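Peer 1: One structure, pasted below without further comment.
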Amino acid sequence: MSDHGDDSDSEDEDSHREKKAYPNWADKRVLYDALLTQAKSDLDPDEIFGEVETCDLEAIFDTEKRRFKNRTSSGIWTNDRVTAAEKVAYKQSVQTARVA
């Protein structure tokens, strides 16, 4: 017994965690290599995911709620859209990050 009380629960959790199977791509080294390869590639995330104009909460949560439609002033983003200059700066920053 330790000074901190009975450690049997944490030992059980550790042994359970060690036995738990996970996919190969989630292995630390495999994931790191994949992320490194992705970072060095010339893929444009906007070409894969497209530009997001709004966030449709009803589609995300598969439910209709009045509070999703009723926006308070903090939820009205029409005056805070991304500008063309910000989009260009983002594209340049992504390109710079890839070269580095």
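Peer 1: With GLU47, GLU64 as the choices, which residue is acidic (Asp, Glu) and farther than 26 Å from VAL94 by Cβ? If you could, list the steps in order and put the result at the bottom.
Peer 2: Values: GLU47 fails: farther than 26 Å from VAL94 by Cβ.
Exactly one residue qualifies, and that residue is GLU64.
Peer 1: What number of residues in the stretch 42-59 are closer than 27 Å to ILE76 by Cβ, of a type in the set (Asp, Glu) and surrounded by 10 or more Cβ atoms within 10 Å (Cβ to Cβ)?
Peer 2: So the count comes out to 3.
Peer 1: Across the stretch 63-91, which residue is modelled with the lowest pLDDT among those that are of a type in the set (Asp, Glu) and either surrounded by 10 or more Cβ atoms within 10 Å (Cβ to Cβ) or in a helix (DSSP H, G or I) (or both)? Spell out the reasoning first.
Peer 2: Residues of the stretch 63-91 that are of a type in the set (Asp, Glu), as a first pass: 64, 80, 86.
Remaining after also requiring either surrounded by 10 or more Cβ atoms within 10 Å (Cβ to Cβ) or in a helix (DSSP H, G or I) (or both): 80, 86.
Working: ASP80: 76, GLU86: 90.
Step by step, filter the stretch 63-91, then rank; the result is ASP80.
The values are calculated or read from the model by the stated rules, or taken from the named source; none is laboratory data. Values in this document were obtained by computation on a predicted structure and should not be read as measured data. Counting neighbours? That spans all protein chains shown, and the Cβs are built from the backbone with ideal geometry, glycine included.
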